[in-house]
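What follows is calculated from the coordinates using simple rules that are stated; it is not laboratory data. Being a predicted model, the structure only gives us computed values, none of them experimental. Ideal geometry is used to build each Cβ from the backbone, glycine not excepted, and the neighbour counts take in all protein chains shown.
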Amino acid sequence: MAATAPTRRLPAAAWWLGAVSFVNDAASEMVLPLLPALLTGTLGASAATLGGIEGTATAVGSVLKLWGGRVADRTGRHGAFVIGGYALSNLLRPLLALASSPAAVLALRVGDRLGKGLRTAPRDALLTEATPPAARLAAFAVHRALDHAGTIAGAGLAVLLMTTLGAGPAEVVAWSAVPGVCVVVLAVLAVRATRVDVPAAPRVPLTLAVTAPLRRLLVVLTVSRLGFASEMFLLLFAGQRLPLWAVPILWAALHVVKSLASFGSAPLGHLLGPRTTVLWGWGAHAAVFGGFALACHRWPAAEPAPAAAAAIAGLFCAWGLYSGLSEGAEKALVAERAGEGARGTAFGSYHLVTGLASLPASWGFGLVWEAASPTVAFAGGAALAVVAGVGLVAWVPTVERASPP
């Protein structure tokens, strides 16, 4: 793919940190597509338990994202938090192969998310400081694109292990330790190579660091996340209707679209601005969840539906438009409203509120899935995406866009 004008202006930090995310996601996404099968099949957990585990792990990790961002701002040790966070996740994740109960899976998933919590806000702050304002949407878009490309590689490795070596879910999880070691080594090299000096900043009260425009944005983002259940439910939906070996392939196809859409959001955001790009992404969220609701009604889980494979694959790929268009643009909106010396706090607040929203979102989605139907659960998520889009347009003030260099 030819480099666009926005991506040609990116600093080395965007590519180095993107490379770390690529390898980390290759390790992580060898595991995640098989986690629903491991939980609901091997360990006998319910859909509500699956949602509770993923929601709790994400919410706990999100609390640490705010703490990590604020401490990194005060100490200036953003790079140490990045390295430590990647090391913790890649130490614990392969241990899922030994889990013998849903409680053990919960403990290890929480530990994995704590590592993500340590690294995420400091990493985003490093990337923001290293990138000129007019190129930040492109930097975050490229970072997310490489992250999703790593998911494609990880899913491909899982399929390869399952089809050529006959590995089961636990064996694939154990193999994830190999790229995990590479992640830690690459993270050390990346932090050294970025050469971004983020000085320690005086402690700023949270009420001042999180400005009024940022607070309004965070409220609307929370509403959008309440309609965004864990993607584990998409995998559960597919796994109940298709052969298990097809699920990692669908997961890879989803992230192909995410990666391409993330690259595409750079020139789109450069032209339209991050606000409009986010609205396009949330519109895709509403449309695709509506499609999943119809598919659940058309093909009940009690009736395996190989004839529906094309429709299911289409929905998975279309879902990639939501993430690809909105993820980088949302972070660009946060960066626009983040004050000097408080960027780690701003990104920590963003990850905190969106992560905490994932607990009621995923747990509630699972409860509605079981108590009513998957159709109702997906339809509710679509409705909340529409409400969030209206809130962004009507309630969140715009800020002046940086001029292109």
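Suppose we take every Cα in segment 212-315 and form the convex hull; what volume per residue is that in Å³?
106 Å³
Enter the per residue convex hull volume of the chain, computed from alpha-carbon coordinates, in Å³ rounded to the nearest integer.
123 Å³
Give the residue from Leu325, Ala212, Ala371 lying farthest towards the positive end of the charge dipole for the chain; charges sit on Cβ (+1 for Lys and Arg, -1 for Asp and Glu) and the dipole is referred to the Cα centre.
Final value for the positive-end residue is Ala212.
What is the angle, in °, between the Cα long axis of helix 274-298 and the longest principal axis of the Cα atoms in the chain? Nearest 10 is fine, range 0 to 90.
Tilt relative to the chain: about 10 degrees.
Please give the Cα centre distance for segment 122-192 versus segment 99-118, rounded to the nearest Å.
19 Å
Which whole-Hz ³J(HN,Hα) couplings does segment 125-139 yield from phi under the Karplus relation 6.51 cos²θ - 1.76 cosθ + 1.60, θ = phi - 60°, glycine and proline marked x?
Rounded to whole hertz, the list is 5, 4, 5, 5, 5, 7, 10, x, x, 5, 9, 5, 4, 4, 5.
Taking every pair of alpha-carbon atoms in segment 316-386, give the share separated by more than 14 Å as a whole percent.
Result for the distance tail: 71 percent.
To the nearest 20 debye, what charge dipole does segment 60-158 have about its Cα centre, counting +1 at the Cβ of each Lys and Arg and -1 at the Cβ of each Asp and Glu?
160 debye
Output the 0 to 90 degree angle, nearest 10, between the alpha-carbon long axis of helix 47-75 and the longest principal axis computed from the alpha carbons of the chain.
Compared with the principal axis, the helix lies near 20 degrees.
Dividing the convex hull volume of the Cα atoms of segment 113-159 by its residue count, what figure in Å³ per residue is obtained?
71 Å³
On C-alpha positions alone, give me the angle between the axis of helix 212-226 and the longest principal axis of the chain, in degrees, nearest 10.
10 degrees
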